[in-house]
Amino acid sequence: MIQTKSLDLFAGVPVADYATALKWYERLLGSSPTFFPNATEAVWELAEHRYLYIVQQPKNAGHAMHTLFVGDLDSLAAQIADRGLDPAKRETYSNGVSKITYRDTDGNEIGFGGVQR
């Protein structure tokens, strides 16, 4: 177990086609990247010191699985739907937590979890 009072996160998603993935993640996340470290990488700061990035790595594309927990899952799902993306899967667990999973064009899974209201 990590014993620290502060925790930074830098989670990566390898993609095959950077330009296509960039557009898809902008729609999913609802914004342009926070910064571009280089010509084949884009980074979004999701919360203070917590980042999600895409990077062109065709050999590794399609194997990422990340879940982000949010305060208002229903609202976020509606916002993403308004941007034209539909979830690949919806699940509700016995403890009342729900998860909505989206898959990019490479098959990488980005899930959002929370308590649905």
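Here, each number is a calculation from the coordinates, and none is a lab measurement. Nothing here was measured: the structure is a model prediction, and the numbers come from that model. Neighbour counts run over all protein chains shown; Cβ positions are idealised from the backbone, glycine included.
Using C-alpha pairs below 8 Å separated by at least 6 residues, the relative contact order for the chain is 27 percent. The loop-placed GluC sites (Glu not before Pro) in region 1-81, going by DSSP, that have at most 16 neighbouring Cβ atoms within 10 Å of their Cβ come out as Glu48.
In this structure, the amide hydrogen of Tyr102, modeled 1.01 Å from its nitrogen in the peptide plane, lies closer than 5 angstrom to those of Ala88, Ile110, Gly111, Phe112, counting only residues at least 5 positions away or on a different chain. Is the C-alpha gyration tensor of region 26-85 telling us rounded, prolate or oblate? Criteria: a/c under 1.5 is rounded; beyond that, a/b larger than b/c is prolate, otherwise oblate. Here region 26-85 falls in the prolate category.
The magnitude of the dipole of the chain, with charges of +1 and -1 set on the Cβ of Lys/Arg and Asp/Glu and taken from the Cα centre, is near 200 debye.
Using the alpha-carbon positions of region 38-117, Rg (one decimal) and Dmax (whole number) come out as 13.7, 44 Å. By DSSP, the beta bridges lying fully in the chain are antiparallel in about 60 percent of cases.
Shape of region 76-117 from its Cα gyration tensor (a ≥ b ≥ c, root eigenvalues): rounded if a/c is under 1.5, otherwise prolate when a/b > b/c, or oblate? It comes out oblate by the Cα gyration axes. The residue among Val70, Gly84, Ser31 whose Cα reaches farthest toward the positive pole of the charge dipole of the chain, with charges on the beta-carbon of Lys, Arg, Asp and Glu, is Val70.
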